[in-house]
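Worksheet for the structure shown next.
The values are calculated or read from the model by the stated rules, or taken from the named source; none is laboratory data. This structure is a prediction, so every number in the text was calculated from the model and none was measured. Cβ placement follows ideal geometry from the backbone for every residue including glycine, while neighbour counts extend to all protein chains displayed. Protein only, heavy atoms only, side chains kept; ligands, DNA and RNA dropped before computing areas. Shrake-Rupley method; radii C 1.70, N 1.55, O 1.52, S 1.80 Å.
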Amino acid sequence: MSDLIVAWYPWIKALHVIAVVAWMAGLLYLPRLFVYHCSAQPGSELSETLKAMERRLLRAIMNPAMGAVWIFGLALLWVQDWSQGWLHGKLALVVALTWLHHRMARWRKDFAADRNTRPAKFYRIANEIPTLLLIAIVILVIVKPF
Ligand code: HEM
């Protein structure tokens with residue numbers, strides 16, 4: 001198993017980063033749709049259109065991309081020295097990003113059922129969290145500061 005991963009390491013890392021880009025695109029766009037959705041009347045044409053966009057973004061892009069990030073990431077992890085500090089820091093932040101993904105899925109269900117009670121400001125703040133996590137994760141994995 002390790003020999004196979006080492007032989008294909010650059011390809012696995014490339015697929016890992018491609019999946020990261022797709023996942024991050026969704027994590028940054030979905031809260032933005034929620035901000036617009038807060039000003040749409042339940043049952044209106046705009047609200048129904050946003051429901052379809054949110055559902056497709058989550059199910060067709062974010063869920064598969066998150067799965068691919070984890071599968072290729074764990075394959076890369078398999079051949080790493082696990083005592084490296086940057087790796088511990090990165091995994092902690094990635095777990096936080098995954099938790100946020102699941103919160104967004106919960107918020108999407110609330111909009112789909114016309115039972116959202118959070119204000120647009122809440123989703124504007126939520127929109128910043130993936131950006132901050134991305135910056136910290138990329139610095140940890142490329143600079144490896146500790
Ligand atoms: C889901 C769990 C994840 C695991 C287990 C994981 C693990 C890894 C490992 C072991 C490497 C190889 C490091 C190297 O060869 O130097 C790597 C590369 C990388 N990871 Fe992840 N990762 C995960 C998620 C993420 C996420 C969420 C991001 C960004 C938001 C990310 C961004 C990157 C980048 C940019 C690289 C390439 C680094 C380089 O070429 O030096 N990873 N990842």
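Points worth noting:
- Selection within region 79-91 - more than 8 Å from the ligand (Cβ to nearest atom), surrounded by 12 or more Cβ atoms within 10 Å (Cβ to Cβ) and part of a helix (DSSP H, G or I): Trp86, His88, Gly89
- Residue match in region 106-115 (condition: open to solvent by 20 Å² or more (accessible area, probe 1.4 Å), within 14 Å of the ligand (Cβ to nearest atom), charged (D, E, K, R) and assigned to a helix (DSSP H, G or I)): no
- Checked against (1) aromatic (Phe, Trp, Tyr); (2) within 10 Å of the ligand (Cβ to nearest atom); (3) free of Cβ contacts under 8 Å to residues at least 24 places away in the same chain; (4) surrounded by 14 or more Cβ atoms within 10 Å (Cβ to Cβ), Phe72 passes all but condition (3).
- Hey, Trp99 of a type in the set (Phe, Trp, Tyr), open to solvent by 20 Å² or more (accessible area, probe 1.4 Å) and in contact (Cβ under 8 Å) with a residue 40 or more places away in the chain or not: no
- Among the residues of region 37-52, those that are surrounded by 15 or more Cβ atoms within 10 Å (Cβ to Cβ) and assigned to a helix (DSSP H, G or I) comprise His37, Ser47, Leu50, Lys51.
- Counting only residues that are without any contact (Cβ under 8 Å) to a residue 60 or more places away in the chain, part of a helix (DSSP H, G or I) and surrounded by fewer than 18 Cβ atoms within 10 Å (Cβ to Cβ), region 116-140 holds 11 of them.
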